[in-house]
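The values are calculated or read from the model by the stated rules, or taken from the named source; none is laboratory data. Values in this document were obtained by computation on a predicted structure and should not be read as measured data. FYI the Cβ positions are ideal-geometry reconstructions off the backbone, even for glycines, and counts take in every protein chain you see. Ligands, DNA and RNA are stripped out before the accessible areas are found, and what is left, the full protein with its side chains, is counted by its heavy atoms. Shrake-Rupley method; radii C 1.70, N 1.55, O 1.52, S 1.80 Å.
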Amino acid sequence: MKLHYQILIIGGGNAGLSAASQLLHKNRNLDIAIIEPSEKHYYQPAWTLVGAGVYDINNTERKEADFIPRGAEWIKDAVATFQPEQNQVTCASGTAYSYDVLLVAPGIQLDWQKIKGFKETLGKNNVTSNYAFDVAPYTWELIKNFEGGTAVFTNPSTPVKCGGAPHKIMYLACDYWRKKGILDKCDVHYISGAGVIFGVKEYAATLAGIVSRNRIKTHFASNTVEIDGGKQVVYYESKDAEGNVVRNDMKFDMCHAVPPQSAPDFVKNSPLADANNPLGYVEVDKNTMQHSRFPNIFACGDCTNAPCSKTGAAIRKQVPVVVKNILSMLAGKRLSAQYDGYSACPIPTEYGKLMLAEFDYSNTPKMTFPFNQAIPRWTMWILKRYILPWLYWNRILTGRA
Ligand SMILES: Cc1cc2nc3c(=O)[nH]c(=O)nc-3n(C[C@H](O)[C@H](O)[C@H](O)COP(=O)(O)OP(=O)(O)OC[C@H]3O[C@@H](n4cnc5c(N)ncnc54)[C@H](O)[C@@H]3O)c2cc1C
């Protein structure tokens, strides 16, 4: 049984598979293994469209085996602990593997339990979340069958994967209800732990218009702490003028909620975690993606403390940097590739229209197209609905884009 690899990758998700594929394109002779426990791979960005009734959930799930690149070995296990001083990880099965270079890419953890009652009521009592494969179709059931009343959409105070996803679905729901002729009977609330609708002002201005057009009532700096499914009440905390924490409640007829998120526990409890980050992300140099204390360890994707938005779009720009820097390290060269914090958030503002928000670490718009991307467009909807899923399965995971 082989127990040492030149490059060991933890996680065969978006980041891990893209990186493995790109590494092998650069050099077929690299000795790479991917440690990944799941038999299935998910295209999570489409779960918003599933919740909006325009995408089949079954098309977001594929077999992991079909995407492990030729030349890489798949170790079907889960990493449990890290021994960076020994260049080793130990898996849940008890087997330990050593490496020359480690790439950490196990994604982010959904902390459902941090909202009391959420997990117990998820998928029933009109409580849903596009953040779970099994439940995203229920979002569409609720939106489609809604006849008016109070609709609550929540966003936690932690960073989440795809910061736009908690509110994207709200704009689509409002548009659906407008077309159904019931929006006047809908009292829509957005309860968000963030202080603003979106961190980049050029795009936030567009969203402010959408919020106002739909008469959405926003509650910023408000942290959802409990969902009582039986009573259909959401509880959230905010601060009063004196800075005291106040507990509020709101009765709902439907609730789309998003769990707080953090690094997976096995990362959080490891020597790789950033001790200054309560959410326990892997501590990296935000430009080279190299670990700050263990030079032969790199990380990319949702698990790092790089202060970028956690998206697949960010990964598409991180992976070439990580690949180049890993190859430099193996060749004994200086690390020269730098990631600038690029991320993108495709925000549908109504059915058939989408604003493609692109930006970097400084929250400066980084528009790809030669037009003002702060204006929602049909072409960008087509990009999200048809082109990006195809690119993901055929080009991104295979290391060709
Ligand atoms: C509702 C929703 C909407 C989104 N919308 C968009 C969007 O529009 N645009 C966009 O760019 N991004 C979007 N995203 C975000 C995007 O899906 C993620 O940023 C991306 O999948 C992160 O890739 P990753 O490789 O870091 O993690 P993942 O793709 O989640 O993969 C992590 C992998 O690590 C594995 N793993 C976990 N624990 C272990 C362990 N102990 N040992 C080994 N392996 C382990 C998991 O099984 C998994 O396969 C969205 C996400 C959601 C949920």
Return one quarter of the surface area of the convex hull spanned by the alpha-carbon atoms of segment 48-174, equal to its mean projected area, in nm². 11.0 nm²
Ordered by residue, what ³J(HN,Hα) values in Hz, to whole numbers, does segment 383-395 give under the Karplus form 6.51 cos²θ - 1.76 cosθ + 1.60, where θ = phi - 60° and Gly and Pro are x? 4, 5, 6, 10, 6, 5, x, 5, 4, 4, 6, 9, 10
Per principal axis, largest first, the Cα atoms of segment 229-384 extend in Å by 61, 44, 32
Amide H contacts under 5 Å for GLU73, restricted to residues at least 5 apart in sequence or on another chain and with H modeled in the peptide plane, are ILE32, ALA33, ILE34
Residues with beta-carbon under 15 Å from that of ILE382, excluding ILE382: net charge, scoring Lys, Arg +1 and Asp, Glu -1? +3
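Note down the relative contact order for segment 110-261 as a percent, whole number, built from C-alpha pairs under 8 angstrom at least six residues apart.
On the way: 285 pairs, mean separation 54.5, N = 152.
Reported relative contact order: 36 percent.
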Roughly to the nearest percent, how much of the accessible area of the chain is carbon and sulfur, given a 1.4 Å probe? 50 percent
When ligands, DNA and RNA are left out and all protein chains stay put, how many square angstrom of accessible area per residue does the chain have with a 1.4 Å probe? 41 Å²
Using only Cα atoms, what is the ratio of the radius of gyration of segment 193-262 to 2.2 N^0.38 Å? 1.26
How long is segment 110-261 along each principal axis, judged by its Cα atoms, biggest number first, in Å? 42, 38, 27
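Take the Cβ-Cβ distance between MET1 and LYS119 as r, set R0 to 41 Å, and report the resulting FRET efficiency rounded to the nearest 0.05. Before the final figure, lay out each step's value.
On the way: r = 38 Å, r/R0 = 0.92.
That gives a FRET efficiency of 0.60.
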Calculate, in nm to one decimal, what SER328 and PHE371 gain on full extension: separation in residues at 0.36 nm each, minus their alpha carbon distance. 11.8 nm
Summing +1 for each Lys or Arg and -1 for each Asp or Glu, what net charge is found among the other residues whose Cβ lies under 14 Å from the Cβ of HIS4? -2
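Contact order normalised by length for the chain, with contacts defined as Cα pairs under 8 Å and 6 or more residues apart; what percent is it? Show your work: numbers first, answer last.
On the way: 879 pairs, mean separation 71.9, N = 401.
RCO, the chain: 18 percent.
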Would you please give the residues with an amide H less than 5 Å from that of MET355, counting only those at least 5 places away or on a separate chain, with H modeled from the backbone geometry? ILE347, THR349, ARG377
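For segment 257-342, what's the relative contact order in percent, using C-alpha pairs closer than 8 Å and at least 6 residues apart? Walk me through the intermediate numbers first.
Details: 133 pairs, mean separation 20.6, N = 86.
Dividing the mean separation by the residue count of segment 257-342 yields 24 percent.
What FRET efficiency comes out for GLU242 versus ASP184 if R0 is 30 angstrom and r is the Cβ-Cβ distance? Round to the nearest 0.05. Kindly include the intermediate steps, with their values, before the conclusion.
Numbers: r = 37 Å, r/R0 = 1.23.
For R0 = 30 Å, the calculated efficiency reads 0.20.
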Less than 10 Å Cβ to Cβ from LEU49, Lys/Arg counted +1 and Asp/Glu -1: what total charge do the surrounding residues give? +2
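Can you sort THR349, THR90 by 1.4 Å-probe accessible area, starting with the largest? Please report the intermediate quantities before stating the final value.
Values: THR349 0, THR90 30 Å².
If we order THR349, THR90 from most to least accessible, we get THR90, THR349.
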If you build the Cα gyration tensor of the chain and take the root of 5 times each eigenvalue, what three semi-axes come out, in whole angstrom, biggest first? 37, 23, 20
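Please give the length that would be gained between GLN86 and GLU73 if that part of the chain were fully extended, namely 0.36 nm times their separation in residues minus their C-alpha to C-alpha distance (nm, one decimal). Working shown, then result.
On the way: separation 13, 0.36 × 13 = 4.68 nm, distance 2.17 nm.
Contour length minus Cα-Cα distance gives 2.5 nm.
Ordering TRP390, TRP381 by how much accessible area each has at a 1.4 Å probe, largest first, what is the list? Don't skip to the answer; put the middle values down first.
Values: TRP390 135, TRP381 25 Å².
Heavy-atom accessible area, descending, gives TRP390, TRP381.
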Given the options GLY12, GLY229, GLY352, which has the most mean-square fluctuation in a GNM of the chain, springs set between C-alpha atoms less than 10 angstrom apart? GLY352
